[in-house]
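Chemist: The structure is given below, and queries will be raised subsequently.
Bear in mind that the values in this text are calculations on the coordinates, not laboratory data. All values derive from a computational prediction rather than experimental measurement. No Cβ is skipped: glycine too gets one built from the backbone with ideal geometry, and neighbour counts run over all protein chains shown.
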Amino acid sequence: MDSAATKKVMEEICVVCEQPRGKGIHLYTSFICRDCEKDITSTDTKDPKYIYIINQLKKASIPEIYS
Ligand SMILES: [Zn+2]
């Protein structure tokens, strides 16, 4: 058994923090890591941090042809 190969979890780039993460959720075509998912659910919608997250999501999920 090659443990090195199985140990490597499939990592995806989180659209919010832009870091490769192994765990998270998919929202449409975007990937959001656990930490950012937690941020979204715990942050007030009026918080600038929340707005930042939403902007990151928009940037990632809206194709450039719509701009
Ligand atoms: Zn993240």
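Chemist: Ranked by Cβ crowding within 10 angstrom, fewest neighbours first, how are 34, 21 ordered?
Modeler: Details: 34 13, 21 19.
Ascending Cβ contact count within 10 Å gives the list 34, 21.
Chemist: Show me 40-48, 10-18 ranked by packing, highest mean number of other Cβ atoms within 10 Å first. Mind showing how you got there, number by number?
Modeler: Details: 40-48: 10.6, 10-18: 16.2.
Answer by packing, highest mean first, reads 10-18, 40-48.
Chemist: Read phi for every residue in the stretch 19-35 and hand back ³J(HN,Hα) as whole Hz from Karplus 6.51 cos²θ - 1.76 cosθ + 1.60, θ = phi - 60°, with x for Gly and Pro.
Modeler: 10, x, 10, x, 10, x, 10, 9, 10, 6, 9, 9, 10, 10, 6, 3, 4
Chemist: What does the extension gain come out to for residue 25 and residue 54, with contour length at 0.36 nm per residue minus their alpha carbon separation? Present the calculation step by step, with values, prior to reporting the outcome.
Modeler: Numbers: separation 29, 0.36 × 29 = 10.44 nm, distance 1.52 nm.
Full extension of this stretch gives 8.9 nm more.
Chemist: At 0.36 nm per residue, and after removing the present C-alpha to C-alpha distance, how many nm does the segment from residue 44 to residue 10 gain when stretched out fully? Write down the numbers at each step before the final one.
Modeler: On the way: separation 34, 0.36 × 34 = 12.24 nm, distance 3.09 nm.
Value of the extension gain: 9.1 nm.
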